[in-house]
Amino acid sequence: MSDSAARVEGLRVSLVRDGVRSDVLRGIDLTVGRGEILGMVGESGSGKSVLALAMMGLLPVAADPQVDGTIRVGDVDMVHGSPEQLRAVRRNELGVIFQDPMTSLNPTMRVGAQITEATHDSAESIRLMSAVGIADAPLRFTVYPHELSGGLRQRIMAAIAVAGRPSLIIADEPTTALDVTVQAQVLDLLRELRDEFGCSVMLITHDLAVAAQIADRVAVMYAGRIAEIGATEEIIHRPTHPYTVGLLRSRLSLDTPRDRRLLTLRPETASAAERMKGCAYHSRCPLAVERCATEQPPLAPASQGDTAGTADTATEHLRACWRTVADVQGYTHETSDATPIASLARPGASADTTATPAAPAVRITDLTTVFALKGGGRRKRQVHALRGVDLTVAAGEAVSIVGESGSGKSTLLRVIAGLAPATTGRVELAGRGAQMVFQDAGSSLTPWLTVGDILRERLRPAKLDRAAASRRIGDALEAIGLPETVAALRPAQLSGGQRQRVALARATIIPPSVLLCDEPTSALDASLAASVLNLIRELRRSLDMTVLFVTHDLAVARLMGDRVVVMTEGTIVESGDADDVIHHPEHPYTRSLLASVPDIGVLS
Amino acid sequence: MSAAVPEVGSRRFRMPAATLGAHAGTRLSVVILVALGILTLVALFARVLTPYDPVQPIGALNLAPGSDGHPLGTDSIGRDILSRTLIGVQVSWFSSLVIVASGLVIGGIVGIAAGVFGGWLDALLMRFTDLFLALPGTLVAIAIVAALGYNLQNTLIGIAVVWWPYYARIIRGEVKSFAARPHVEAARVAGASRTRVVFRHIVPGVVPTAIVTASLDIGNVVLLLAGLSFLGLGQPAPAPELGADTARNLSQLLSEWWVPVIPGLAVLVLSLLSNLGGDAVRTLLARRR
C-alpha cells in the first residue's frame, strides 16, 4: 500500500469530439493523499471531468480515448488494468458523486435497494443513510428518488459512494445543481465523510469558493494542465498564477463594488493550435511575455531556492508560469481597482428622478398563481406558486428577486412575460412591454434559424426593408459585443456566452420598457458571467430599461438590483435597498440564505 | 517509471472500428441512396426501356431467361417478362411513393392541428385517429377496393385512407415536444405570431423525424401493394403488376420457375432497397445534426 489514495503521472488523454481529435489532458501530475480533500477547480472545458472519468477508468469508448501516462488508484493501474481489475477498484476503492443525483439514481428502484446493491445488507444501508444525515432513514428506505428533494438525493448518492468503504470519493460538481442552503450542507457532509470514514475526497468544481470551503489543497486546471496547485490558504490568499488571480478577481462577492464594471478575464483570441504551443493561457494573460507563446512552462515550486529539495511534494505549492511570483503578485496590486464607469452610477441617486414620480414600469397587485398538478389519485393536487404578490417597480429601476428553487421567483417573471397565467390579481406593464432573457440561452434560441433570422423576427412589426433590417441587426450585435458576421451563424456554432449575448440582442433590438432576466448567467463560467452582467447593466443605462433580475445568487442580486426582493414559498418576505438587505437582513429567511453563501473573503 | 509508460494508442484504448464504422456507414448510405435514385430513373423511363410491348404476346411460349432477345424469358402466352417486370416496378414504386406522400400530408395536417391547438380538437382528432388505427388496415383497404371497383386508382385510395393515422400520431407527438421547448416560449415572448411560431419554430424541427418515418415506411407499402395485387385486388388483367404476375403464374413454379419468381424477386429488391434507403436517410440526417 502506498501513502496516497491516488497518483497520476504524466497523464495525457485525447478524445474525439464531433469527428475531431483533441488533447483534453496534456500532462497531469497529481497525488491525492490519504484522508485529504483535494479541490480541482477549472472553467468548463478545462478537462477536470475527463480527469475524473480517467481516474475511474470510465473514459467514453465512443470518443475513442488515447491515454498516455499512469493513474494508480490504490495498487491498480487504471490505464492498463484489465476490465476485472478496474471493476474491482471501482467497487472497493472508489466512490462517486455526480452533479445531478436525479439522473445518476435509478428512477425505477427504491433508494434503499440502490444503496443495498452496494452494501448487500439493508441494516447497513439504513445505518449509512443515517450517517449521511437522512432523518427517518428506515422510512425513507422505501421511497423512490423522485420523492426526495435534491439535497436528500445527493445524500443518497453519498451513502452509495461510501458503502464500499472507498479510499477515494470523486465528487464531480456535487453542489452545482443545488440551492445555496443545501449546497452548504452537502459540502459539510463531504467533510464529515472524510472525518468519519477516513477516505480522501477529490472535489471537482468550477467555483473556487466551494473548493476553498472544505479542501485541504486546491489544484487550478486550465486547458488540460494544472496551472497551480497548493494548500488552500496559499492558493486563495497568495495565488501565484495569473489565471488563479484572474479567477479570484472575477469572482463576485457580497462586497464587490456596485458602481464599477465587474472584472473579467480577457476573451480567448488564440487558435487551438497556438494555445497548445506555449502556455495555453498566454493570449488571455495580462502578464504574458514572448516566451509564454512559444514554450510551455513546467509545473515548478512557487517558492524557489529556499525550500527546494526539502519540501514535501504532497503539499508543496507548485505553479506553471514563466513570470516570477513577485511579478504576478505585484501586478495584482497595481490594478486592484477597476475603473468606475460613469454611466453605471445609480440613477436613483440623482435628484430629478426622485422629484418627478413617473408612472411605475411594472405594477403587480395581489398576484396569485395556482397550478393544478395532474397525476395519480382522485384529488387534484394544487401548487400555489405565487400567493398574493404585490410589487411596484419604478421606471428605470432595477430590482433583483432572490430565492431558492420553488420560491416562485421564476413563476413571477413568467407571469409578467405572459408565459404563465395569473389566477387572481393584476399585472400592469408600461409602454413598450417586456422582453425576457432565459436561463439556458442555448435552448432559448431556435436551433435551425440563424442569429439573423432570430433577430429579424423581432423587427417584423417595424416593417423595415431588408437593408434597414440588416443594418439594425448589425447595430444590435455590435451593441452586445459580437461581430456582424455572427448573423449568419446558427446557435450551435456559438459558445455559451455568445448565445446569451444573442439572447440579449433579441430582447433589446427594439428596446422594451422592462427587461426580464431569469438567471441568465447561472450556467456560465464566472468570468463570462461577469461580462454578461456588465453588458446587462450597460444596456439598462443606454436603453433606459427597467430590469427585473431573478437569481439564486445573493452576490449577483446585490450587484444587479438597486433594490433586492427576497421570495420564499410564493411570497415576498423582504424588500429593500440592495446593500441594506444584504448587509442588514431583517427576515430570518434572508439571514439563513446569507449564512450559506460560500465566501473566501476579499483578495488581499 | 519509464517502463510503465504505455505507447500512445495501446490496443485497449483504441477502437478504430467505431470511427471507421461511422465513416463506412455514411459512405454506404450514400451508395444506397444513389441506387434508389437509379431505380427511380429506371421506373420513370420504364416505357422507353422496355424492349417489347408488355401486354402483347411477341415470342415463343415459356422461353427461359437469356434466350433469343428475351433476357428474362417469356411467360405462358409469350409476353416478354423483362418488359412486364419493368412496368410492374414502375407502378409499384410510384404507387408506394404516392401512398407515403399522402400519409405525410394527411397525417401531417391532422398531427400539426392536434399538436398545436390541443384541447378538445386534439382529443377529437386523436380519438378519430385511434379509431382508424384500431381497424384492420389491410381489410379496410380490401373492402374499399371491392366496393369502388378493381383498378389502380381505387387501390391507392383504399390504402391512403388507412395509411395516415400512424403519421398523425408521430407528428402530433413531435409537435407537442417541440412546442414545450424553451425556444418556442422565447419566440412567443419576442412577439412572434401563432402561425409564425408554428411554421418557423416548431414544424422545421418535426421535418427530419417525419422524413425518416416516411422513408422507413415505403418498403411496407411496396409489400402491401404487392400483396393486394397478389390477391387479385390490383389492376385487372392483362395489366403488368408484380404481385398479380406472381399469383397468375404460380402453377408454373415447378416447371418454368422464372415466370412467377422474377416478378416476386422484383418485389423483394424493391422493398429491400427502400428499407435500406430509409436507414440511409436516418443515418445521414443523424450525422448532419
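The values are calculated or read from the model by the stated rules, or taken from the named source; none is laboratory data. Keep in mind that this is a model prediction, so the values were computed, not measured. For neighbour counting, all protein chains shown are included, and Cβ atoms are generated from backbone atoms with ideal geometry for every residue, glycine included.
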- Identify, by number, the condition in (1) away from chain B (no Cβ under 14 Å); (2) in contact (Cβ under 8 Å) with a residue 60 or more places away in the chain; (3) more than 27 Å from the chain's Cα centre (by Cα) that A:Gly403 doesn't meet. (3)
- Query: Only one of (1) over 27 Å from A:His587 (Cα atoms); (2) modelled with pLDDT under 90 is not met by A:Leu419, so which one is it?
  - Reply: (2)
- Query: Does the stretch B:225-245 include one or more residues that are closer than 21 Å to B:Val105 by Cα and in a helix (DSSP H, G or I)?
  - Reply: yes
- Message: Exactly one condition in (1) more than 28 Å from B:Leu104 (Cβ to Cβ); (2) at pLDDT 90 or above; (3) within 14 Å of chain A (Cβ to nearest Cβ) is false for B:Pro260; which is it?
- Response: (3)
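Being part of a helix (DSSP H, G or I) and under 26 Å from the mean Cα position of the chain (by Cα) is the requirement here; does B:Asp122 meet it?
Answer is no for this residue.
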- Task: Tell me, yes or no, whether the stretch B:171-182 has at least one residue that is of a type in the set (Gly, Ala, Ser) and either touching a Leu at 6+ places or on another chain (Cβ under 9 Å) or crowded, with 22+ Cβ neighbours inside 10 Å (or both).
- Result: no
- One residue from A:Ala163, A:Ala171, A:Ala63 being touching a Ser or Thr at 6+ places or on another chain (Cβ under 7 Å) and either touching a residue at least 24 places away in the same chain (Cβ under 8 Å) or assigned by TED's automatic domain parsing to the domain that holds A:Asp195 (or both): A:Ala163
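Among the helices (runs of 4 or more DSSP H) contained in the stretch A:44-133, which hold 2 or more residues that are within 14 Å of chain B (Cβ to nearest Cβ)? Spell out the reasoning first.
Values: elements: A:48-56, A:83-92, A:101-104, A:111-119, A:122-131.
Per the criteria, A:48-56, A:83-92.
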- Note on the structure: Across (1) small (Gly, Ala, Ser); (2) in contact with a Gly (Cβ under 9 Å, 6 or more places away or on another chain); (3) farther than 30 Å from A:Arg456 by Cβ, B:Gly103 clears everything bar (2)
- State yes or no: is A:Ser405 in a helix (DSSP H, G or I), of a type outside the set (A, V, I, L, M) and surrounded by fewer than 23 Cβ atoms within 10 Å (Cβ to Cβ)? no
- Message: Kindly evaluate A:Gly39 against the criterion of being within 30 Å of A:Ser522 (Cβ to Cβ), within 23 Å of the chain's Cα centre (by Cα) and assigned to a strand (DSSP E or B).
- Response: yes
- All conditions in (1) within 24 Å of A:Gln500 (Cα to Cα); (2) more than 14 Å from chain B (Cβ to nearest Cβ) are true of A:Ala395 except (1)
- Note on the structure: Only unsatisfied item for A:Arg426, checking (1) farther than 27 Å from A:Ser149 by Cβ; (2) within 9 Å of another protein chain (Cβ to nearest Cβ), is (2)
- Taking the stretch B:235-254 as the region of interest, how many residues are touching a residue at least 60 places away in the same chain (Cβ under 8 Å) and surrounded by fewer than 18 Cβ atoms within 10 Å (Cβ to Cβ)? 4
- If A:Gln439 passes every condition in (1) within 14 Å of chain B (Cβ to nearest Cβ); (2) assigned to a loop (DSSP other than H, G, I, E, B); (3) farther than 16 Å from A:Val547 by Cβ but one, which one does it miss? (3)
- If we keep just the residues of the stretch B:186-224 that are of a type in the set (S, T, N, Q) and within 26 Å of B:Leu265 (Cα to Cα), which is farthest from the other protein chains (Cβ to nearest Cβ)? B:Asn220
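Out of all the residues in the stretch B:177-196, which are closer than 16 Å to B:Ala114 by Cβ and outside any loop (DSSP other than H, G, I, E, B)?
In the first step, residues of the stretch B:177-196 are kept if they are closer than 16 Å to B:Ala114 by Cβ; the result is B:177-180, B:194.
Across the stretch B:177-196, the qualifying residues are B:Ser177, B:Phe178, B:Ala179, B:Arg194.
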- Residue match in the stretch A:503-520 (condition: closer than 14 Å to A:Thr264 by Cβ and buried (at least 22 other Cβ atoms within 10 Å of the Cβ)): no
- Item | Conditions (1) closer than 20 Å to A:Thr176 by Cβ; (2) assigned by TED's automatic domain parsing to the domain that holds A:Ala171; (3) touching a strand residue (DSSP E or B) at 6+ places or on another chain (Cβ under 6 Å); (4) not acidic (Asp, Glu); number of the one not met by A:Phe98 | (2)
- Just to be sure, is B:Phe178 over 19 Å from B:Gly137 (Cβ atoms) and more than 11 Å from chain A (Cβ to nearest Cβ)? no
- Can you tell me which residue within the stretch A:442-493, out of those that are within 14 Å of another protein chain (Cβ to nearest Cβ) and not in a helix (DSSP H, G or I), is surrounded by the fewest Cβ atoms within 10 Å (Cβ to Cβ)? A:Lys463
